[in-house]
Amino acid sequence: KGMEKGMEKGMEKGMEKGMEKGMEKGMEKGMEKGMEKGMEVGLEKGMEKGMEKGMEKGKLEIAQKMKLNGMASSLILELTGLNI
């Protein structure tokens, strides 16, 4: 009877420890995956924003050159799609 109780207690403790370790590992893996995905999405969004800003800057530079060459503002706005 004492051995049975000892085995029972040992199994309980083992299960407890196993669950604890499993949860810990699961959390670590989850955090890792979450960070990877977050970085990926952040990089993608950053690239998009950078491209948009670059295109806008290019349009402004072209519009300035057009204006310096005597082109009408209304035509520049129409051709570049810029807003006042």
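The values are calculated or read from the model by the stated rules, or taken from the named source; none is laboratory data. No experiment lies behind these values; they were computed from the predicted model shown. As a convention, Cβ positions derive from the backbone with ideal geometry for all residues, glycine included, and neighbour counts pool all protein chains shown. These accessible areas exclude ligands, DNA and RNA; they are computed on the full protein's heavy atoms, side chains included. Shrake-Rupley method; radii C 1.70, N 1.55, O 1.52, S 1.80 Å.
Which condition from (1) at positive phi; (2) touching a helix residue (DSSP H, G or I) at 6+ places or on another chain (Cβ under 7 Å) is the one that residue 59 breaks?
So residue 59 meets the others, but not (1).
Got a sec? Which of 39, 51 is surrounded by 10 or more Cβ atoms within 10 Å (Cβ to Cβ), under 25 Å from the mean Cα position of the chain (by Cα), under 25 Å from residue 84 (Cβ atoms) and of a type in the set (A, V, I, L, M, F, W, C)? Write out each step before concluding.
Numbers: 39 fails: under 25 Å from residue 84 (Cβ atoms).
Unique residue meeting the criteria: 51.
Could you list, ordered by first residue, the pairs with Cβ atoms under 6 Å in which the first is in region 59-84 and open to solvent by 60 Å² or more (accessible area, probe 1.4 Å) and the second is not polar (S, T, N, Q), at least 6 apart or interchain?
59/82
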